[in-house]
1. LYS69: among the basic types (Lys, Arg), modelled with pLDDT of 95 or more and assigned to a helix (DSSP H, G or I), yes or no?
2. For the range 7-26, does any single residue satisfy the condition of being part of a strand (DSSP E or B), within 25 Å of GLY134 (Cα to Cα) and charged (D, E, K, R)?
3. When GLU91 is evaluated against the numbered criteria (1) without any contact (Cβ under 8 Å) to a residue 60 or more places away in the chain; (2) under 18 Å from THR143 (Cα atoms); (3) among the acidic types (Asp, Glu), which criterion, by number, is the only one it fails?
4. It is to be established whether one or more residues within the range 72-91 are of a type in the set (A, V, I, L, M, F, W, C), part of a helix (DSSP H, G or I) and farther than 14 Å from ALA17 by Cβ.
5. Could you check the range 10-20 and list, in sequence order, the residues that are surrounded by fewer than 15 Cβ atoms within 10 Å (Cβ to Cβ) and touching a residue at least 60 places away in the same chain (Cβ under 8 Å)?
6. What is the one condition in (1) surrounded by 14 or more Cβ atoms within 10 Å (Cβ to Cβ); (2) in a loop (DSSP other than H, G, I, E, B) that ALA38 does not satisfy?
7. Considering only the range 58-66, I want to know if a residue exists there that is more than 16 Å from VAL110 (Cβ to Cβ), of a type outside the set (D, E, K, R) and not in a strand (DSSP E or B).
8. Output the residue which, of all residues in the range 51-74 that are in contact with a strand residue (DSSP E or B) (Cβ under 7 Å, 6 or more places away or on another chain) and free of Cβ contacts under 8 Å to residues at least 40 places away in the same chain, is surrounded by the most Cβ atoms within 10 Å (Cβ to Cβ).
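The values are calculated or read from the model by the stated rules, or taken from the named source; none is laboratory data. Owing to the predicted nature of the structure, the values given are computational and were not obtained by experimental measurement. Cβ coordinates were reconstructed from backbone atoms using ideal geometry, including for glycine residues, and neighbour counts include every protein chain displayed.
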Amino acid sequence: MIKVIEGQLTAKDLKVATLVSRFNGFITERLLEGAKDAFLRHGGAEELITVIKAPGSFELPLLAQEVAKSGRFAAVVALGAVIRGQTPHFEYVAAEVTKGLAQVALSYNVPVSFGVLTCDTIEQAVDRAGVKGGNKGFEAMVTAMEMVSLLRLVREG
C-alpha cells in the first residue's frame, strides 16, 4: 500500500508573518486583504497574523530572513508586485526576490510562500490581485498553511 502524505488547510493556532511591499501599494494592499481573508476563513485568529511592511519587493528576502531566523512564526508570506517597465530593472528585481525568498526557506526550514506578482503590465497585476485571476495573496496564504501542516507531518514521520 502506498502511503500518501498531504497537508491540511488550516490556520488554527498558526502564527504567520505576512511581509508586504509598500511599492505598488495599490496592488499589494489587495494581496494583503486576500491573504488575511484566507487566514481568517481557515480558522486563523487575527492576533496570530503579523503584517510587516517593507519599502519594496527587493527588500522582502532580507526581511523574510530576519523573520525566519527569529523562530517566532510558523510561516512567512511574502507579498509584492514587480511590474515590467522599459528598462532591465524588472528582470533584476524579479530574479533576486525569487532567489532570495527561496534561499530563506531552505536555510531556515520555514515555509516562505511566494506571493510576489511579476507582471508585464499593471492590468495583469490588477487581475491577479483579485479582479479576474483570483487573488494571489489568498493563494500564497493557503500555500503557507498547507506547507506548515505538510512539514509537521513529514517531520513527525
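1. On the way: among the basic types (Lys, Arg): yes; modelled with pLDDT of 95 or more: yes; assigned to a helix (DSSP H, G or I): yes.
So LYS69 passes the test.
2. Going residue by residue through the range 7-26, those that are part of a strand (DSSP E or B) are 16-21.
With within 25 Å of GLY134 (Cα to Cα) added as a condition, the list becomes 16-21.
Keeping just the survivors that are charged (D, E, K, R) gives none.
Scanning the range 7-26 turns up no residue that is part of a strand (DSSP E or B), within 25 Å of GLY134 (Cα to Cα) and charged (D, E, K, R).
3. Status for GLU91: all satisfied but (2).
4. First, pick out the residues of the range 72-91 that are of a type in the set (A, V, I, L, M, F, W, C): 73-79, 81-83, 90.
Next, only the ones that are part of a helix (DSSP H, G or I) stay: 90.
Then drop every residue that is not farther than 14 Å from ALA17 by Cβ, which leaves 90.
For the range 72-91, residues of a type in the set (A, V, I, L, M, F, W, C), part of a helix (DSSP H, G or I) and farther than 14 Å from ALA17 by Cβ: present.
5. Step one: list which residues in the range 10-20 are surrounded by fewer than 15 Cβ atoms within 10 Å (Cβ to Cβ), which gives 10, 12-13.
Correct list: THR10 only.
6. Going through the list (1) surrounded by 14 or more Cβ atoms within 10 Å (Cβ to Cβ); (2) in a loop (DSSP other than H, G, I, E, B), ALA38 breaks only (2).
7. So in the range 58-66, the residues more than 16 Å from VAL110 (Cβ to Cβ) come out as 58-59.
Narrowing further to those that are of a type outside the set (D, E, K, R): 58.
Those still in the list that are not in a strand (DSSP E or B) too: 58.
Yes, that holds for at least one residue.
8. Narrowing the range 51-74 to residues in contact with a strand residue (DSSP E or B) (Cβ under 7 Å, 6 or more places away or on another chain): 51-54, 56-57, 60, 63-64, 67-68, 73-74.
From the residues that got through so far, the ones that are free of Cβ contacts under 8 Å to residues at least 40 places away in the same chain too are 51-54, 56.
Values: VAL51: 14, ILE52: 15, LYS53: 14, ALA54: 21, GLY56: 16.
Among residues in the range 51-74 that are in contact with a strand residue (DSSP E or B) (Cβ under 7 Å, 6 or more places away or on another chain) and free of Cβ contacts under 8 Å to residues at least 40 places away in the same chain, the one surrounded by the most Cβ atoms within 10 Å (Cβ to Cβ) is ALA54.
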